[in-house]
Amino acid sequence: MDSIVVTGGNKLNGVIPISGAKNATLPLMIASLLSSQPLILQNVPHLADVESLIRILTNHGVDYRVEGKRRNHNGQQGRNISFRAEEIVDTTAPYELVSKMRASFWVIGPLLARMHVAKVSLPGGCAIGTRPVDMFLESLTALGAKIEIENGYAIAEAPGGLVGVDFTFNKVSVGATHVALMASTLAKGKTILRNCAREPEIGDLANCLNAMGAKISGIGSGTLTIEGVKELHGATHTVLPDRIETGTYAMAVAMTGGDVLLKGARPDDLRFALDLLVKAGVGIEETNEGLRVTRNGAALKPVDVGTEPFPGFPTDLQAQFMALMTMADGESRITENIFENRFMHVQELVRLGANIDLEGKTAVIKGPCVLTGAQVMATDLRASVSLVIAGLVADGDTTVNRVYHLDRGFEHLEEKLTACGAKIERVSS
Ligand code: UD1
C-alpha cells in the first residue's frame, strides 16, 4: 500500500489550480441516470471516488466516454466525461459496490424517479459516524414510494411514478437533499422541499438539472420548489471548483507561510472559513484569477469555531483547521456539530506533538506546538490531508499511511504541493 512522505520546513510559494469539486461531481454523475440522453460533465477530477461511481453507473447500464487530450492540456486539469443512461438495464446497486462509497446510495433517487423501482444496498457505518439514511427514506416515501428494508437492502417501488409533495427535512442533510431533489424532478406535479441543505454543491446539481429540462426554483435557499416534468434531456455542465480543496490549501499556506494563488477558487463558497483565516492573521486577497493566500512571519492567533451546515464552517475543513491551530499562539476550541465521531485525527496529530484535549464534542488545542515527524494514518480523507499539512511544518519526515483515503478526494495532491516548494513524495511498498 502506498504512503506519502512529507519532509517539513519549506514555505509554499506559487500557483495551485483548484480542481472540480468531488462533492458536486458525484451527484452530477448520478443525475445522468435521470435521462436517456448524454450528460456531458466538464472539469471532472481524477479521483478514486469518481472511478468507484463509474463502476456503479455502468452496472446500471450507463455508457461513459472520456474526451481525449486537448491542445494546451497540462495533465492536471479535470476531464470531460459524457455519461449516457440510454437504457437502465439493472435497478439494483449491490453491496459490493455501494459499501465502497456512501454516496453511491444516492442512485436510489433517480432510479425510483425514472424506473419506478430500485434495490439499493444500505451503505452501512463509516469512520466518521453512524450516518443513517432515515431522511432519504422519509422524503422518498413522502413522494409516494413504498420502501422496505430487507437483507441489508432498501427495496423501493412507486408503481405509478412519484408524486409531488410538500416535505420538510427534520435535519439538514446534503445527501438527502440531493436525492429528494433528483427524485422530484420527474414526480407528477409540484414538490416543495423545506429545510434543505444549502451547500454550493446542491446549487450546482440544481443548475445542472435545470439545464437538463428540470424546473427548480429557490436555488441557494433552504426551500426548493420543483415543478415535475415528464422527462429530462441531455446537457453540458461544468463542475464547480472544490471549496474544500481550496480551504485545505489555504490552511496549508497559513501553516507554512508563503504566497500562493489558488487559481479558479470561488471565495463566496467558503466565506466563513476565509473570515476565520483572516481572524487568525492570514492574508486573503480575492483576485480575478482566484484567491491569493499569504502569511509572513507574524504569529497566528487562536480562533474558536464550531462546524455547521453551509454557510457555516464546513465539517470537511475541521481536521485541517485543527492542524493549523496547533501553530497558533494560544488556546483554541473546535467543536464538531455535524458528525459524532469525527475526531480520529486528534490522536494522530498528538503523535506529531500536538497538544490537544477532547472535551465531548470539543477539541481544545493549546498552541503553539512543536511538531516532529512520525508515522501516522487516518481513517477518512479530510483527516488524512490534515496530517499531510501538519507534516509540512513538522521537523523531519512524516509518513502518512493509507493514502487511498487521499486519492478518494484530492486530485494531484503531491504534484500541486511540490510545484509550490513542498517536499512530498509517494512511496510504494
Ligand atoms: C456530505 C458530504 C460530506 C460532508 C457532509 C456534511 C458528499 C459526497 N459528502 O455527506 O463530505 O462531510 O455532507 O457537510 O457530498 N443524517 C441523518 N439521517 C439521514 C442523513 C443524514 O441523521 O438520513 C445526519 C448525518 O448522520 C450527519 C448529518 O445528518 O450527522 C449531516 O450529514 P449529511 O449532510 O447527510 O452528509 P452526507 O450527505 O453523507
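The range 30-66 and the range 140-165 have Cα centres lying 24 Å from one another.
In order along the range 352-367, the phi-based Karplus estimate (6.51 cos²θ - 1.76 cosθ + 1.60, θ = phi - 60°) of 3J(HN,Hα) comes to 7, x, 6, 9, 10, 10, 9, 10, x, 9, 10, 9, 10, 10, 10, x Hz; Gly and Pro are listed as x.
Radius of gyration over Kirkwood radius for the range 22-238, both on Cα atoms: the Rg/Rh ratio is 0.95.
Computed from phi, the 3J(HN,Hα) profile of the range 167-177 under the Karplus parametrisation 6.51, -1.76, 1.60 (θ = phi - 60°) reads 10, 10, 5, 7, 8, 7, 9, 5, x, 5, 5 Hz, with x in place of Gly and Pro. The range 210-245 to the range 288-367: how many Å between their Cα centroids? What the calculation gives is 33 Å, centre to centre. With all pairs of different C-alpha atoms in the average, the Kirkwood value for the hydrodynamic radius of the range 85-164 is 12.8 Å.
You can think of it this way: the chain between L358 and E285 has 22.9 nm of extra reach, that is 0.36 nm per residue less the Cα-Cα gap.
The gain in end-to-end length when the N337 to E67 segment is fully stretched comes to 93.1 nm, 0.36 nm per residue minus the alpha carbon separation.
Amide H to amide H distances under 5 Å link T168 with R194, where only residues 5 or more positions off or on other chains count and H is placed in the peptide plane. Less than 5 angstrom separates the built amide H of L162 from those of K188, all sequence-distant by 5 or more or on a different chain. Taking the square roots of five times each eigenvalue of the Cα gyration tensor of the chain, the equivalent ellipsoid has semi-axes of 38, 22, 20 Å, listed largest first. Using the Cβ-Cβ distance between T141 and D395 with R0 set to 60 Å, the FRET efficiency from 1/(1 + (r/R0)^6) comes to roughly 0.60.
Distance between the modelled labels on V427 and D90, one decimal in nanometres: 4.0 nm (7 Å Cα→Cβ projection).
Taking the charge dipole of the chain about its Cα centre, with +1 at Lys and Arg Cβ atoms and -1 at Asp and Glu Cβ atoms, the residue from L205, A158, A394 reaching farthest to the positive side is L205. Straightening the chain between T223 and Q375 buys 50.1 nm, computed as 0.36 nm per residue apart minus the Cα-Cα spacing. In a simple Cβ point-charge model (Lys, Arg +1; Asp, Glu -1; nothing else charged), the range 22-238 has a dipole of about 520 debye relative to its Cα centre.
Calculated [222 nm] ellipticity per residue, helices only, for the chain: -8500 deg cm²/dmol; basis is -39500 (n - 2.57) per DSSP H run with n ≥ 4, divided by all residues, nearest 500.
Amide H contacts for S19 (H built 1.01 Å from N in the peptide plane; partners 5 or more residues away or on another chain; cut-off under 5 Å): D242. Each residue of the range 21-35 was assigned a 3J(HN,Hα) from its phi angle through the Karplus curve 6.51 cos²θ - 1.76 cosθ + 1.60 (θ = phi - 60°); the sequence is 6, 4, 6, 9, 4, 4, x, 5, 4, 5, 5, 4, 5, 7, 10 Hz, with glycine and proline shown as x.
Inter-label distance, R194 to V117: 3.5 nm, where each label sits 7 Å from its Cα along the C-beta direction. Relative to the longest principal axis of the Cα atoms of the chain, the long axis of helix 48-60 makes an angle of roughly 10 degrees.
Bear in mind these aren't lab numbers, they're just calculated from the coordinates by the rules spelled out. Everything numeric here is computed off the predicted structure, so don't read it as measured data. Here the Cβ is made from the backbone with ideal geometry for all residues, glycine too, and neighbour counts use every protein chain on show.
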